[in-house]
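Undergrad: Before anything else, here's the structure in question.
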Amino acid sequence: MARIRVGLLSTSSFMVGTLPVPKYADAEKTQFATDRETGAKLYTITLFFMEEDRAEALKITVPETGLPNGLRPGVPVMPMELFATPWARIFNGSLSDGIAYRADRLDLVAPAAEAA
């Protein structure tokens, strides 16, 4: 599958929507999904992506080693090494498709008031 690096405008921002939840490799939720290269457990987190006059909720997969302390809803973050992978499958005769997002890590972003 093609992995596409996501390019962001300098005005792009992200905010935590939900806490990270473990990603599982099986439907019974007995096996954690792990990074193929490092073996780190994978988590999904919902981030609100804001750019210009629009906002969108994105579910992004991040390894446990890329999740900083202090994540909670409303906290500004920036996903680093963000990639998108288009996918499609046929299940019970119906086509499902979408885009899977993956980041190496999330960096906490200090609000403008704190940075000054």
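Read the figures in this text as sums done on the coordinates, not as results from a lab. Quantities reported herein were computed from a predicted structural model and do not represent experimental measurements. FYI the Cβ positions are ideal-geometry reconstructions off the backbone, even for glycines, and counts take in every protein chain you see.
Undergrad: Given the structure, is ALA55 of a type outside the set (Val, Ile, Thr), surrounded by 10 or more Cβ atoms within 10 Å (Cβ to Cβ) and under 13 Å from LYS23 (Cβ atoms)?
TA: When the stated conditions are applied, ALA55 does not pass them.
Undergrad: Would it be correct to say that ARG36 is among the charged types (D, E, K, R), touching a residue at least 40 places away in the same chain (Cβ under 8 Å) and exposed (fewer than 15 other Cβ atoms within 10 Å of the Cβ)?
TA: When the stated conditions are applied, ARG36 does not pass them.
Undergrad: Another question, then. Residue pairs, Cβ under 9 Å, 6 or more apart or interchain, first in the range 95-106 and within 16 Å of ILE45 (Cβ to Cβ), second charged (D, E, K, R) and surrounded by fewer than 19 Cβ atoms within 10 Å (Cβ to Cβ). List them.
TA: ALA100/LYS59; TYR101/LYS59; ARG102/ARG3; ARG102/GLU81; ALA103/GLU81; ASP104/GLU81; ARG105/GLU81
Undergrad: Which of the residues belonging to the range 19-32 are in a loop (DSSP other than H, G, I, E, B) and surrounded by 15 or more Cβ atoms within 10 Å (Cβ to Cβ)?
TA: Hits for the range 19-32 are PRO20, LYS23.
Undergrad: Which of the numbered conditions does ASN69 fail, given that it passes all the others? Conditions: (1) in contact with a Leu (Cβ under 9 Å, 6 or more places away or on another chain); (2) within 15 Å of MET15 (Cβ to Cβ).
TA: If we test ASN69 against (1) in contact with a Leu (Cβ under 9 Å, 6 or more places away or on another chain); (2) within 15 Å of MET15 (Cβ to Cβ), just (2) comes out false.
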